[in-house]
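> First the structure, which I've put down as structure tokens, then a few questions once you've had a look.
Bear in mind these aren't lab numbers, they're just calculated from the coordinates by the rules spelled out. None of these values were measured; they are calculated from a predicted model. As a convention, Cβ positions derive from the backbone with ideal geometry for all residues, glycine included, and neighbour counts pool all protein chains shown.
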Amino acid sequence: MVERYVMSIDQGTTSTRCILFDHRGRLVTVAQREHRQFFPQPGWVEHDASEIRRNLERIVPEALSDVGIDVGQIIAIGIANQRETTVLWDRRTGAPVCRAIVWQDVRTAQLVEDLRRSPGDAFFLDRCCLRPSTYFSAPRLRWLFDHVDGLEQRARDGEVLFGTVESWLIWNLTGGADGGLHITDATNASRTMLMNIRTLTWDPELLEFFGVPSAMLPEIRPSIEAYGQARSMLPGVPITAALGDQQAALFGQTCFSPGEAKCTYGTGSFLVMNTGTDLVRSRHGLLTTVAYKIADQPTVYALEGPIAVTGSLVQWFRDRLGLISSAPEIETLALTVEDNGGCYIVPAFSGLFAPHWRSDARGVIVGLTSYITKGHLARAVLEATGWQTREVVDAMNADSALAMKELKVDGGMTSDNLLMQFLADVLDLPVVRPLVAETVSLGAAYAAGLAAGFWPDLEVLRRNWHRAAQWMPDMDPERREWEYECWKRAVERSLGWIRPSGPA
Amino acid sequence: MAGPVQSIERAAAILRLLAGGPRRLGLGEVASSLGLAKGTAHGILRTLQHVDFVEQDEATGKYQLGAALLHLGTSYLDVNELRSRSINWADALAARSGEAVRLGTPLEGKVLVVHHVFRPDDTLQTLDVGTLLPLHACSLGKVLLAFGAEPVEPLVDAGLEEYTRHTLVRSEDLSRALVEVRELGWGAEVQEMAMGEAGVAAPIRGHGGLVVGAIGVSGPVERICDTKGRPQPALITLLREAARAISRDLGAARW
């Protein structure tokens with residue numbers, strides 16, 4: 001019998017990856033290619049959407065030839081993507097009308113400040129469960145309309161299409177200017193600030209508020225459903241799933257039951273908890289988001305706590321301070337001392353995300369004495385990730401009736417043993433790492449394979465999940481509380497550093 | 001015995017030249033200082049750069065001594081770096097073999113477990129990263145001994161402790177076993193550390209083929225070995241693939 005595979009396309013912030021999974025959910029091959037990051041001004045981050053499309057055109061055949069299979073053996077395609085990044089392209093030529101504005105870009109900071117004053121957070125929270133932030137797509141669309149001549153009119157005339165990256169890729173895969181499908185999935189749409197979180201449709205009041213014409217918007221579809229067949233690159237193969245990357249990781253970690261949570265530790269970290277079909281409105285600084293929607297089944301929701309700086313603090317320690325030569329060495333350096341020596345680092349490099357949402361915060365190192373060595377600083381760097389996770393977990397537990405019982409982790413930082421033990425210690429929860437580390441890709445593959453009948457149901461996927469490592473809490477409760485108090489005091493000291501206007 | 005190898009003499013001269021001052025040197029300066037053709041000097045510099053003895057400044061293209069020279073003599077590879085670079089391959093090995101996987105490096109006459117992947121059956125298991133194992137009684141240790149990552153003599157001098165009746169306690173037996181490990185390219189332990197337990201391990205090589213650690217699979221003897229008490233060939237194949245993949249990632253060219 002001919003072996004069949006599911007193809008997962010993970011379009012991330014720094015690279016695009018194409019991964020094949022076999023029927024047992026095992027990774028068979030990886031092809032990947034990085035794309036350029038453009039920083040035209042401080043705080044601006046852009047991608048070239050055409051470059052991303054070309055990269056995909058290269059890695060798809062690479063993945064196939066690496067395993068020596070043909071297109072017919074691919075049963076379905078699933079897409080996971082960097083979220084919130086905004087792509088605009090010409091409906092007739094298929095060319096992007098400007099560079100894609102990436103989720104990290106903070107050019108809309110002033111606009112966002114204005115929105116929070118008027119009409120205020122409540123207007124947005126009621127409709128899309130997001131408070132205004134530079135993080136989301138809609139303020140970027142408004143910014144583009146205000147800064148690119150004629151763009152708003154072209155959008156009204158239906159000449160320009162909007163989408164997040166999965167929309168762009170699906171449109172191109174299914175024919176592009178020649179009848180390509182212009183669709184998005186509910187998880188990605190839930191990050192635009194334009195979708196009504198309850199009805200999963202574009203919200204007329206939000207569209208009107210941001211001045212976004214509906215002619216330019218993709219159709220919102222379930223995350224898991226047969227969308228259509230690819231025409232280019234993988235002719236005839238059905239595209240059956242699309243999910244934002246963090247939702248894909250939740251799916252890949254098989255967090256299908258309410259209360260199950262995962263945290264992906266990368267440049268930033270994203271803790272997401274399944275809240276089932278209940279829409280939980282956060283009162284403690286979390287985002288309510290769509291976890292996934294399978295065809296016509298009820299929508300599954302999630303609470304999410306994004307943390308802006310975790311792995312990137314280690315990179316800063318390596319590249320800017322030069323105290324280590326590779327990221328894993330942070331653990332070696334941290335192990336040269338017993339504890340943090342009273343030193344704490346709050347990495348509010350561009351403000352703090354969940355649960356604080358303070359754009360006026362900046363990073364601080366507190367507790368410096370002549371006793372502190374680079375070893376203590378290394379500890380403080382790792383502990384910052386632990387405490388930031390603790391703050392988000394506390395917010396989750398306060399918002400939801402579902403107390404977390406364990407935390408499933410993935411991402412590059414899970415190879416740091418000291419950090420994983422510290423996490424278990426400060427959360428007072430078991431921390432569990434799964435056998436397949438590529439949870440984003442795996443989630444997209446699971447979702448696509450489920451829709452294509454490659455796997456029958458969620459239970460089968462759950463049985464594919466295996467524990468590769470587990471860290472158990474082992475910290476004196478009094479010490480945990482003391483340290484947490486110290487951390488909170490450190491956070492207080494980072495707040496309000498940025499004042500409304502500096503010297504001219 | 002053959003005479004001195006000219007290219008190594010020239011490489012040594014280049015390193016001395018770069019060590020001689022605080023300033024980075026351009027290709028032309030290196031070549032003219034030593035009376036070498038530019039092409040020759042460039043070839044040697046490229047090779048030295050490949051083994052990290054020399055670094056080239058991206059902006060100016062000039063050369064200086066590389067960080068690897070500082071760690072010469074300690075065959076330095078950060079154990080946490082080793083774990084980070086091995087993690088995907090170790091996971092894949094556990095998934096395919098269905099058994100627990102460990103990585104070991106030498107530490108003060110023992111094997112330090114630097115990474116551990118649970119047997120993927122979701123039974124209760126405890127992470128034993130940081131545990132020290134006896135070199136002569138486990139497959140990880142035998143591999144480290146066989147490929148020179150740790151000297152044998154001090155171990156034998158101190159006396160080989162007996163863990164089970166299968167433990168190799170006589171130095172002749174250990175020596176013979178190590179010769180076999182070198183010939184096969186992998187090592188086994190069958191009920192030598194604990195009755196009912198067995199394991200196989202293969203070397204992980206870094207730059208130039210130097211053995212920096214070992215990766216092993218272990219479990220109940222009836223699953224690791226066939227009915228004759230010999231390790232399952234299919235398991236050895238998976239193990240050696242993983243070891244080779246990690247070695248390639250670490251910069252070993254031919255393994």
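> I need the shape label for the range B:6-71. Rule: rounded when a/c is under 1.5, else prolate if a/b > b/c, else oblate, with a, b, c from the alpha carbon gyration tensor.
The shape class here is rounded.
> Could I ask something else about it? What is the sum of charges, Lys and Arg at +1 and Asp and Glu at -1, for the other residues whose Cβ falls under 13 Å from the Cβ of A:GLY163?
So the environment of A:GLY163 carries a net charge of +1.
> Report the local net charge at B:LYS38: Lys and Arg +1, Asp and Glu -1, summed over other residues whose C-beta lies under 15 Å from its C-beta.
+2
> Would you mind giving the mean number of other chain beta-carbons within 10 Å of the Cβ of each residue in B:80-91, as a whole number?
Partner Cβ neighbours, averaged per residue: 6.
> Could you tell me whether the range A:384-504 comes out rounded, prolate or oblate from its Cα gyration tensor? Rule is a ≥ b ≥ c as square roots of the eigenvalues, rounded for a/c under 1.5, then prolate if a/b exceeds b/c, otherwise oblate.
Cα axes put the range A:384-504 in the prolate bin.
> Averaged over its residues, how many other protein chain Cβ atoms are within 10 Å of peptide A:79-92's Cβ atoms?
So the per-residue partner count for this stretch is 0.
> How would you classify the range B:52-125 from its alpha-carbon gyration tensor, with a ≥ b ≥ c the square roots of the eigenvalues: rounded for a/c under 1.5, else prolate if a/b is greater than b/c, otherwise oblate?
Oblate shape, in that a/c is at least 1.5 and b/c is the bigger or equal ratio.
> Can you tell me what the convex hull of the Cα atoms of the range B:124-215 projects to on average, as an area in nm²?
For the range B:124-215, averaging the hull's shadow over all directions gives 6.6 nm².
> Ranking request for peptides A:98-105, A:5-12, A:229-236: highest mean number of other beta-carbon atoms within 10 Å first, then the rest in descending order.
Order by mean packing, descending: A:5-12, A:98-105, A:229-236.
> Farthest toward the dipole's positive end in the protein assembly as shown, which of A:LEU151, B:LEU69, B:ALA201, given Cβ charges of +1 (Lys, Arg) and -1 (Asp, Glu) about the Cα centre?
Most positive-ward Cα: A:LEU151.
> I want the local charge near A:ALA424. Using Cβ-Cβ distances under 10 Å, sum +1 for each Lys or Arg and -1 for each Asp or Glu among the other residues.
-4
> So what is the calculated 222 nm ellipticity per residue for chain A, using -39500 (n - 2.57) for each DSSP H run with n of 4 or more, over all residues, to the nearest 500 deg cm²/dmol?
-10000 deg cm²/dmol
> Placing one identical point scatterer on every Cα of the range A:84-175 and ignoring solvent, what is log10 I(q)/I(0) from the Debye formula at q = 0.15, 0.19, 0.21, 0.23 Å⁻¹?
-0.63, -0.93, -1.06, -1.17
> Identify, among A:ALA261, A:HIS182, A:ALA424, the residue whose Cα sits farthest towards the positive end of the charge dipole of chain A, taking +1 on the Cβ of Lys and Arg and -1 on the Cβ of Asp and Glu, with the dipole about the Cα centre.
A:HIS182
> Right, here's the next one. Rg to Rh for the range B:2-143: what is it, with Cα atoms only and Rh by Kirkwood?
Dividing the radius of gyration by the Kirkwood radius yields 1.18.
> Among A:332-339, A:90-97, B:105-112, how do they line up from the highest to the lowest mean number of other beta-carbon atoms within 10 Å?
The most tightly packed comes first, giving B:105-112, A:332-339, A:90-97.
> Determine, for each peptide in B:176-185, A:463-472, the mean count of other beta carbons within 10 angstrom over its residues, then list the peptides with the highest first.
Top to bottom by mean Cβ count within 10 Å: A:463-472, B:176-185.
> A further question follows. Lysine pairs in the protein assembly as shown 8 or more apart or on different chains: how many have alpha carbons under 19 angstrom apart?
5
> Taking the Cα centre of the range A:94-233 as origin and charging only Cβ (+1 Lys, Arg; -1 Asp, Glu), how large is the dipole, in debye to the nearest 20?
For this selection, approximately 280 debye.
> Treating the beta-carbon of each Lys and Arg as +1 and of each Asp and Glu as -1, no other charges, what is the dipole magnitude of chain A about its Cα centre, to the nearest 20 debye?
The dipole magnitude comes to about 400 debye.
> May I pose another question? Give the Cα extents of chain B along the principal axes, in whole Å, largest first.
Taking max minus min along each principal axis of the Cα atoms, chain B gives 67, 42, 29 Å.
> Still on this structure: In chain A, what % of DSSP beta bridges are antiparallel (nearest 5)?
DSSP beta bridges in chain A are roughly 70 percent antiparallel.
> Okay, helix-only estimate at 222 nm for chain B: each DSSP H run of n ≥ 4 adds -39500 (n - 2.57), divide by all residues, round to 500 deg cm²/dmol; what do you get?
Using -39500 (n - 2.57) per qualifying helix, the result is -12500 deg cm²/dmol.
> Rounding to the nearest 20 debye, state how big the charge dipole of the range B:6-71 is about its Cα centre with +1 on each Lys and Arg Cβ and -1 on each Asp and Glu Cβ.
My answer is approximately 180 debye.
> Convert each backbone phi in the range A:336-348 into a coupling constant with the Karplus relation 6.51 cos²θ - 1.76 cosθ + 1.60 (shift: θ = phi - 60°), then list the ³J(HN,Hα) values in order as whole Hz, x for Gly and Pro.
Each residue's phi maps through the Karplus curve to give 6, 10, 7, 8, 7, x, x, 9, 9, 10, 9, x, 7 Hz.
> Follow-up question, since we're still on this one. Provide a whole-number value for the mean count of partner chain Cβ atoms within 10 Å of the Cβ atoms in peptide A:332-345.
Counting other chains' Cβ atoms within 10 Å and averaging over A:332-345 gives 1.
> So what's the Cα pair-distance distribution over the protein assembly as shown, bin width 20 Å, in %?
Binned Cα distances yield the sequence 15, 44, 33, 7, 0.
> If you don't mind, another one. For the range A:3-80, what is the convex hull (Cα atoms) projected area averaged across all directions, in square nanometres?
Taking a quarter of the hull surface, the average projection is 5.4 nm².
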